[in-house]
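The values are calculated or read from the model by the stated rules, or taken from the named source; none is laboratory data. Computed from a prediction, not measured in an experiment: that's the story for all the values here. Ideal geometry is used to build each Cβ from the backbone, glycine not excepted, and the neighbour counts take in all protein chains shown.
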Amino acid sequence: MKKKSKAFKIISTIILVSLLFLGGVFGYIYSRIKNVKKVDLVKDPVQLSVNEEADRKSKLKGITNIAFFGIDTREEGGTGRSDSIMIVTLDGKNNKIKVSSIMRDTYVDIEGHGKTKLNHAYAYGGPALAIKTLNKNFDLNIKDFATVDFFELASIIDDLGGVEINVESDEVKFINSYSKEVERINKKPVEKIQSPGKQTLSGAQAVAYCRIRYTSGGDYRRTERQRTVLNAIINKSLKMNKKDLLGIIPEMASKVQTSMSTGEIMKLATEVITSNITYVEQKRFPFEEHSEGKMINGIWYLVTDIPATKRVIRDFIFQ
């Protein structure tokens, strides 16, 4: 009995110390992410056109969907259209993160504005209308968002120490050209890319890489680059030394706007850390076979088979 009692005390002490340590770590994280720019959003399912079936599936399968918007402001503090539109899915059942990139020129119905480009929704009604448009057109259940403008994205990447990207030969000149604009905004000199190949890009260089659209593949390739950069950011964060990551959280948090409370962010962070998610799966929608570029009243749109696109997006997210 004494041996069992002693063993029990040792195990209890280890568990207690572990809990105190974890409590301290998460308490520290909690205090540091309060710098995030909280944006009030009415999360009423009706107002956001939340699909009930998608909501049921999410709860059943441990899935959380968050809209991610990259805003092209061209100047600090400006307001712009959502140049990058993604749905980031935390899949608790399969222990993975999924990124669905939606083409910004996709021809959809925007409440109060008729049929037009998907990226106009953010300019017309901010994140609430942008989320509602995604939910309504694709039968989704998004209730939260995170927004970063390209001015801030460059700084976030610099906080991480840059991201590793494989630069193609036809991309070098565009990165160097577009970097000049970021240089003007950030008021910091940007080093030129000297040659193609796998290399660590600074924030300004990575943002310039995201904006390239005049190579083969056009806007399809452009959204792929955006997913590549987001993927690189996520992967680098997941692989970083936890102490180093905790040290840069305040700066990174201060550059993101989100509808999520500190408690909600903590819950998601805890799920990611405890599930040891290391894999990011990504896809671009609509598929080429479900869409075609068309001129309508002198404006180019990506006219899309919405029912088919809705089906493949939901299959990807909820599979």
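Does the stretch 169-195 hold any residues that are at pLDDT 90 or above, of a type outside the set (Asp, Glu) and within 24 Å of the chain's Cα centre (by Cα), and which are they?
Correct list: 174, 175.
A quick yes/no check of all residues on (1) crowded, with 17+ Cβ neighbours inside 10 Å; (2) assigned to a helix (DSSP H, G or I):
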| site | (1), (2) |
| --- | --- |
| 164 | no, no |
| 180 | no, yes |
| 216 | no, no |
| 219 | no, yes |
| 223 | yes, yes |
| 232 | yes, yes |
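Report whether or not residue 199 is in contact (Cβ under 8 Å) with a residue 24 or more places away in the chain, out of contact with any Leu (no Cβ under 7 Å at 6 or more places or on another chain) and assigned to a helix (DSSP H, G or I). Reasoning before the result, please.
Values: in contact (Cβ under 8 Å) with a residue 24 or more places away in the chain: yes; out of contact with any Leu (no Cβ under 7 Å at 6 or more places or on another chain): yes; assigned to a helix (DSSP H, G or I): no.
Spelling it out, it is not the case that residue 199 is in contact (Cβ under 8 Å) with a residue 24 or more places away in the chain, out of contact with any Leu (no Cβ under 7 Å at 6 or more places or on another chain) and assigned to a helix (DSSP H, G or I).
Can you tell me which of 135, 141, 95, 119 is surrounded by 19 or more Cβ atoms within 10 Å (Cβ to Cβ), modelled with pLDDT under 95 and polar (S, T, N, Q)? If you could, list the steps in order and put the result at the bottom.
Numbers: 135 fails: modelled with pLDDT under 95; 141 fails: modelled with pLDDT under 95; 95 fails: surrounded by 19 or more Cβ atoms within 10 Å (Cβ to Cβ).
Going through 135, 141, 95, 119 in turn, the sole match is 119.
With 147, 133 as the choices, which residue is assigned to a helix (DSSP H, G or I) and touching a residue at least 12 places away in the same chain (Cβ under 8 Å)?
One residue alone meets the criteria, 133.
Can you tell me which residue in the stretch 269-319 is nearest to residue 232 (Cα to Cα), limited to those that are at pLDDT below 90 and in a strand (DSSP E or B)?
Of the stretch 269-319, the ones at pLDDT below 90 are 269-282, 319.
This time we only want the ones that are in a strand (DSSP E or B), so: 280-282.
Numbers: 280: 10, 281: 12, 282: 12 Å.
The qualifying residue nearest to residue 232 (Cα to Cα) is 280.
Taking the criterion of being part of a strand (DSSP E or B), polar (S, T, N, Q) and more than 17 Å from the chain's Cα centre (by Cα), would at least one residue in the stretch 77-95 satisfy it? First the steps, then the outcome.
Taking the stretch 77-95 first, the residues part of a strand (DSSP E or B) are 82-91.
Next, only the ones that are polar (S, T, N, Q) stay: 82, 84, 89.
Within this subset, residues satisfying the condition of being more than 17 Å from the chain's Cα centre (by Cα) are none.
No: the stretch 77-95 contains no residue that is part of a strand (DSSP E or B), polar (S, T, N, Q) and more than 17 Å from the chain's Cα centre (by Cα).
All but one of (1) among the basic types (Lys, Arg); (2) part of a loop (DSSP other than H, G, I, E, B); (3) at pLDDT below 75 hold for residue 255, so report the exception by its number.
(3)
Within the stretch 211-230, how many residues turn out to be in contact (Cβ under 8 Å) with a residue 12 or more places away in the chain and out of contact with any Ser or Thr (no Cβ under 7 Å at 6 or more places or on another chain)?
Initial filter on the stretch 211-230 (in contact (Cβ under 8 Å) with a residue 12 or more places away in the chain): 211-212, 214-216, 219-220, 222-230.
Add one more test, that the residue is out of contact with any Ser or Thr (no Cβ under 7 Å at 6 or more places or on another chain), and what stays is 211-212, 214-216, 219-220, 222, 224-225, 228-230.
The total comes to 13.
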